[in-house]
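Engineer: One structure follows; several queries about it will come next.
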Number of protein chains: 2
Amino acid sequence: MSNFEIKCADPGSAARRGVLTTPHGQVQTPCFMPVGTAGAVKGVTPEHLSQTGAQIILANTYHLMLRPGVDTVEKIGGLHKLMAWDGPILTDSGGYQVFSLSSLTKIDNDGIEFASHVDGARFRLDPRSATNIQNRLAPDIAMCLDQCPPFGCEQKTLIEAVDRTVRWAKQCKEAHSNPRQMLFAIVQGGIDLTMRQQCAADLVKMDFDGYAIGGLSVGEGHENMTKTVSHTAPLLPENKPRYLMGVGMPPDIIAACLAGIDMFDCVLPTRNGRNAYAFTMAGPVRMRNNEHINDSGPIERDCDCYACTHYPRATIRHFFNVGEMLGPILTSIHNLRFYQRLMGRIREHIEKGDFARWGNEQLANAHIWASSNNKEQ
Amino acid sequence: MSNFEIKCADPGSAARRGVLTTPHGQVQTPCFMPVGTAGAVKGVTPEHLSQTGAQIILANTYHLMLRPGVDTVEKIGGLHKLMAWDGPILTDSGGYQVFSLSSLTKIDNDGIEFASHVDGARFRLDPRSATNIQNRLAPDIAMCLDQCPPFGCEQKTLIEAVDRTVRWAKQCKEAHSNPRQMLFAIVQGGIDLTMRQQCAADLVKMDFDGYAIGGLSVGEGHENMTKTVSHTAPLLPENKPRYLMGVGMPPDIIAACLAGIDMFDCVLPTRNGRNAYAFTMAGPVRMRNNEHINDSGPIERDCDCYACTHYPRATIRHFFNVGEMLGPILTSIHNLRFYQRLMGRIREHIEKGDFARWGNEQLANAHIWASSNNKEQ
């Protein structure tokens, strides 16, 4: 039985409109997964999160294994209980954060040793333990442990990372023992299309429940990302969900959907929201700006989110100005809803069969995001 | 026409069960008003606030006049629009915060001059301007500008404060020009029963919409507070609402209801909530404590708040541990609901006619709060 069904395909692009079935419900794809790093989408209650239209959320294995720890999550009944979220959850493998957050990291062919960024305690992650941890956390979807090479690294490093990623994926699959949980593999290879091809081919042979493209949105830029995704997506099985990890800004998502990607996750809606950066269909709005002081209108006209249907811009600006938590919270809620509205539009246009035209129009208009500077947020 | 109706009185005490009618709806009394200092009950959306059972909220004139400023509030359509709250709102006069928060304060018989705690800008509040500001903010209930003498001050200071409070109340009443807004006077006099008597008598002659007892919960302790409230409440008109400002811990509220108080406000549910202090019917629970690490139960059994019906203690402890905003938010929501449940019980027992017995039982059990140490939070 397959967990993923394609309802229709866009005639003018590789985009697909699908349904992913998980033990905690169905997900309409293409979908966007808000990031609940350490058991919470920062500052947003599951009630408000659900109102934004989020169908599935992501949690970080790295953060959860450090605090509160796998024992605690297991003892209280799993990740859904911890997060008070009864919809689908995906966990990453922890590999990416080990490199981006922890220190004293040592990697060898068998796994990764690292010191916690919280208290320096030493941990080890290998394919078996990363899989076992995710089996115990009990999300609906687990990810294989991979090695994400830095952008612009030497070819030798890239090859080594792809080799390990493939070898570790095999070990993860062998170790995986939760029949109610899907396991996705991750394609690495930087922006080297040959490496991507080889990595994808090796992983596809192993028959995973889904496939992710990792190692992008690490500084390569929109062009390189789009080229890599457009090359890699068609190498993955058509009848399995395809997930582009850690992406991204609205034009990145639209371009990736055109290439046939089904799933996304990104911290931008919440991270930028906490920094007073609101996403709107007309581009970014900085909520601290003076122009909003006496503005009785919502963040975005036509937005049906909780913030826009209840609060004037003047209040949200005021909240940021006085350090009131509701400023970050309301802007995060708006941004999360913005991303879900964006995905809703994408799904609608795929269903109507005019996504190629609409998507390319949006991409031609991508300059509205140019001042966004989101990497600095 | 009276805005306040007493539905029934407790046979064994001075407690009353009433209904206060405001332009934004009815309030069942005795009631508790959560404090929305600068336009928000900190960290709590109006949706969650409403779910706690809050019927009326308080906002601080002092904070709002500094930021975002009266002009802004007026321009966007008033305090209800600013706060996204369409139920009743009461504003204080700003007098109390001028003394507790601002600096370089100079008081004379005509008013108070002070420097903003935000940027040092100089402001002046007098009975006319304090009333005018509240007319423009447009809450349902405005408070007269008063002078709150510090606990333990000299008799001369106390007399001066009471004199000014009475004189200013008269001027506030003359300046008050919003026919849709009630105006309450504030009785001062420290714990000097003669001064309270004189102040109450002078204010009652002026016929206000309601009467507050101010200047308590400033260090005098539960005994002195109860004695002063029990002495002062019967001096106020029976057919007008009586409001005990800034109070307090659950036993303080119960004792004041026994003395015939109808309205309360206090920052404790939210301030303590942000500091991981949860109120329960069995006494305080410290949410950071190790004992909660693997606890899959709610903060309080039988509590129907959003936090208790969704999250285990283990998660809330974890949120405080990792600095996740939802820790303070969920504990604030629980505490706000605790206070509303307390008020609900008080109203039920008054209706049943056994409030004196129940209330005194609770007071006999007040030692459960002894370790609370809430002043240090």
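The values are calculated or read from the model by the stated rules, or taken from the named source; none is laboratory data. Just so you know, these numbers come straight off a predicted model, no measurement behind them. With ideal geometry, Cβ positions are generated from the backbone for all residues, glycine too; neighbour counts draw on all protein chains shown. Heads up: the accessible areas ignore ligands, DNA and RNA and are worked out on the full protein's heavy atoms, side chains in. Shrake-Rupley method; radii C 1.70, N 1.55, O 1.52, S 1.80 Å.
Engineer: My understanding is that a pair violates if its Cα-Cα distance is over 32 Å; which of A:LYS81/A:LYS227; A:LYS156/A:LYS205; B:LYS75/B:LYS205; A:LYS106/A:LYS170; A:LYS352/B:LYS75 do that in this structure? Mind showing how you got there, number by number?
Structural biologist: Working: A:LYS81/A:LYS227 40 Å; A:LYS156/A:LYS205 24 Å; B:LYS75/B:LYS205 36 Å; A:LYS106/A:LYS170 21 Å; A:LYS352/B:LYS75 44 Å.
The answer is A:LYS81/A:LYS227; B:LYS75/B:LYS205; A:LYS352/B:LYS75.
Engineer: Per-residue Cβ counts within 10 Å, from other chains only, averaged over B:137-144: what number is that? Working shown, then result.
Structural biologist: On the way: counts 0, 0, 0, 0, 0, 0, 0, 0.
Mean inter-chain Cβ contacts per residue within 10 Å come to 0.
Engineer: Here's something else I'd like to know. Using a 1.4 Å probe on protein heavy atoms only, how many Å² of accessible area do B and A hide from each other, summed over both chains and rounded to 100?
Structural biologist: Between B and A, the summed buried area is about 3400 Å².
Engineer: Now a separate question. Please average, across the residues of A:318-329, the number of beta carbons from any other chain that are within 10 Å of each residue's own beta carbon, and give a whole number.
Structural biologist: Working: counts 11, 4, 0, 4, 9, 2, 9, 9, 11, 1, 2, 7.
Mean partner shielding for this stretch: 6.
Engineer: Roughly to the nearest percent, how much of the accessible area of region B:180-226 is carbon and sulfur, given a 1.4 Å probe?
Structural biologist: On the way: 820 of 1660 Å².
Looking at region B:180-226 in its full context, I get 50 percent from C and S.
Engineer: If you don't mind, there's one more thing I want to ask. Could you rank the peptides B:346-355, A:118-127, B:208-217 by their average count of other C-beta atoms within 10 Å per residue, with the highest value first?
Structural biologist: Details: B:346-355: 19.1, A:118-127: 14.6, B:208-217: 24.9.
Going by the mean number of other Cβ atoms within 10 Å, highest first, we get B:208-217, B:346-355, A:118-127.
Engineer: While we're here: Can you give the extra length, in nm with one decimal, that the chain gains between B:THR21 and B:SER50 once fully stretched, where that is 0.36 nm per residue apart less the Cα-Cα distance? Don't jump to the answer; show the numbers that get you there.
Structural biologist: On the way: separation 29, 0.36 × 29 = 10.44 nm, distance 1.79 nm.
Computed gain between B:THR21 and B:SER50 is 8.7 nm.
Engineer: Restricted to Cα positions, what overall size does region A:53-146 have along the principal axes? Three whole-Å values, descending.
Structural biologist: Per principal axis, max minus min of the Cα coordinates gives 38, 24, 23 Å.
Engineer: Right, here's the next one. Over the Cα atoms of region B:184-307, compute the convex hull volume and normalise it per residue, giving Å³. The partial results should precede the final answer.
Structural biologist: Working: hull volume 15.4 nm³, N = 124.
With only Cα atoms used, region B:184-307 gives 124 Å³ per residue.
Engineer: With a sphere of radius 13 Å drawn around the Cβ of B:LEU82, what net charge do the other residues whose Cβ falls strictly inside it have (Lys, Arg +1; Asp, Glu -1)? Please list the in-between numbers first.
Structural biologist: Details: positive: A:ARG313, A:ARG317, B:ARG67, B:LYS75, B:LYS81, B:ARG136; negative: A:ASP295, A:GLU324, B:ASP71, B:GLU74, B:ASP86.
So the environment of B:LEU82 carries a net charge of +1.
Engineer: Let me ask something else about it. Quick one: accessible area per residue over chain A, 1.4 Å probe, rounded to a whole number of Å²? Mind dumping the intermediate values first?
Structural biologist: On the way: 13810 Å² over 377 residues.
So chain A comes to 37 Å² accessible per residue, rounded to a whole number.
Engineer: So how much slack lies between A:ARG288 and A:GLU174, counting 0.36 nm per residue of separation and subtracting their Cα-Cα distance, in nm? Please list the in-between numbers first.
Structural biologist: Values: separation 114, 0.36 × 114 = 41.04 nm, distance 5.12 nm.
Using 0.36 nm per residue and subtracting the Cα-Cα distance, I get 35.9 nm.
Engineer: What residues of region B:63-90 lose no less than 20 Å² of accessible area with every protein chain in place versus their chain by itself (probe 1.4 Å, heavy atoms only)?
Structural biologist: Buried-area filter returns B:ARG67, B:PRO68, B:THR72, B:LYS75, B:ILE76, B:LYS81, B:LEU82, B:ALA84.
Engineer: Further question: For B:PHE151, place a label point 7 Å out from Cα along the Cα→Cβ vector, do the same in each other copy, and report the separations in nm, one decimal, smallest first.
Structural biologist: 5.9
Engineer: What is the Cα centroid distance between region A:15-88 and region A:306-333, reported in whole angstrom?
Structural biologist: With region A:15-88 and region A:306-333 each reduced to a Cα centre, they are spaced 24 Å.
Engineer: OK, next. Can you give me the Cα centroid spacing of region B:284-301 and region A:215-278 in angstrom?
Structural biologist: Here the answer is 40 Å between Cα centres.
Engineer: May I ask you to report, in nm to one decimal and beginning with the shortest, the distances from A:PHE99 to the same position in the other copies, taking label points 7 Å along Cα-to-Cβ?
Structural biologist: In nanometres, ordered from closest: 6.3.
Engineer: Run the accessible area of region B:31-116 with a 1.4 Å probe and give the carbon-and-sulfur part as a rounded percent.
Structural biologist: Working: 1160 of 2500 Å².
Reported share for carbon and sulfur atoms: 46 percent.
Engineer: By its C-alpha gyration tensor, with a ≥ b ≥ c as the square roots of the eigenvalues, how is region B:107-244 shaped: rounded for a/c under 1.5, else prolate for a/b larger than b/c, else oblate? Provide the component values of the computation, followed by the final result.
Structural biologist: Working: a/c = 1.78, a/b = 1.19, b/c = 1.49.
Because a/c hits 1.5 or more and a/b fails to exceed b/c, region B:107-244 counts as oblate.
Engineer: Ok, one more. Could you put A:GLU47, B:GLU5 in order of accessible surface area, largest first, with the 1.4 Å probe and the full protein assembly present?
Structural biologist: Working: A:GLU47 55, B:GLU5 115 Å².
Largest accessible area first, the residues go B:GLU5, A:GLU47.
Engineer: Now, a different point. For region B:256-343, compute Rg over Rh where Rg is the Cα radius of gyration and Rh is the Kirkwood radius from the inverse mean 1/r over Cα pairs. Numbers along the way, then the final one.
Structural biologist: Working: Rg = 13.2 Å, Rh = 13.1 Å.
Rounded to two decimals, Rg over Rh is 1.01.
Engineer: Loop only by DSSP, 16 or fewer other Cβ within 10 Å of the Cβ. Give me the trypsin sites (Lys or Arg not before Pro) in region B:250-296 that pass, ordered by residue number.
Structural biologist: Working: sites: B:ARG271, B:ARG274, B:ARG286, B:ARG288; in loops: B:ARG288.
For trypsin sites (Lys or Arg not before Pro) across region B:250-296 that sit outside H, G, I, E and B with at most 16 neighbouring Cβ atoms in 10 Å, the list reads B:ARG288.
Engineer: Mind putting together the pair-distance distribution for chain B? All Cα pairs, 10 Å bins, whole percent per bin, short to long.
Structural biologist: Whole-percent P(r) values from 0 Å outward: 5, 24, 34, 26, 10, 1, 0.
Engineer: Between A:LEU193 and A:GLU348, what is the FRET efficiency for a Förster distance of 25 Å, r being their Cβ-Cβ separation, to the nearest 0.05? If you can, show how the numbers build up before the last one.
Structural biologist: Numbers: r = 32 Å, r/R0 = 1.27.
According to the calculation, E is roughly 0.20.
Engineer: If I take the Cα coordinates of the protein assembly as shown and project them onto the principal axes, what are the three extents in Å, biggest first?
Structural biologist: The Cα atoms of the protein assembly as shown stretch 91, 51, 44 Å along the principal axes, largest first.
Engineer: For B:GLU74, A:GLU223, give the ranking by accessible area with the largest first, probe 1.4 Å.
Structural biologist: Numbers: B:GLU74 90, A:GLU223 145 Å².
Greatest to least solvent exposure: A:GLU223, B:GLU74.
Engineer: Another one. Note every residue of region A:284-307 with a reduction of at least 50 square angstrom in accessible area, all protein chains present versus the isolated chain, computed with a 1.4 Å probe, or write none.
Structural biologist: Listed by number, the residues meeting the 50 Å² cut-off are A:ASN294, A:TYR306.
Engineer: Further question on the same structure: Within region B:81-177, report the GluC sites (Glu not before Pro) that DSSP leaves as loop and that have at most 16 other Cβ atoms within 10 Å.
Structural biologist: Those satisfying the criteria are B:GLU154.
Engineer: Let me check I've understood the local charge: for A:ASP209, count other residues with C-beta under 14 angstrom from its C-beta, Lys and Arg +1, Asp and Glu -1. What total comes out? Let's see the in-between values first.
Structural biologist: On the way: positive: A:LYS173, A:ARG180, A:LYS240, A:ARG242; negative: A:GLU5, A:ASP140, A:ASP207, A:ASP262.
That sum, taken over residues with Cβ under 14 Å, equals 0.
Engineer: Of the accessible area of region B:255-303, with the probe set at 1.4 angstrom, what percent is carbon plus sulfur?
Structural biologist: Details: 660 of 1720 Å².
Carbon plus sulfur share of accessible area: 38 percent.
Engineer: Along Cα-to-Cβ, 7 Å out, sits the label point; list in nm, shortest first, how far the one on A:ARG357 is from those in the other copies.
Structural biologist: Copy-to-copy label distances for A:ARG357: 7.8 nm.
Engineer: Another question, if that's okay. Whose Cβ in chain B comes nearest the axis that rotates B onto A, and by how many Å?
Structural biologist: That would be B:MET325, 3.
Engineer: With a ≥ b ≥ c taken as the square roots of the eigenvalues of the C-alpha gyration tensor of region A:316-368, please select rounded if a/c is under 1.5 and otherwise prolate if a/b is larger than b/c or oblate if it is not?
Structural biologist: Working: a/c = 6.85, a/b = 2.47, b/c = 2.77.
Because a/c hits 1.5 or more and a/b fails to exceed b/c, region A:316-368 counts as oblate.
Engineer: Moving on to the next point. Would you compute, from DSSP H runs of 4+ residues alone, the mean residue ellipticity of chain B at 222 nm, taking -39500 (n - 2.57) per run and dividing by the full residue count, rounded to the nearest 500?
Structural biologist: Numbers: 15 runs with 155 residues, N = 377.
Helix contribution divided over all residues of chain B: -12000 deg cm²/dmol.
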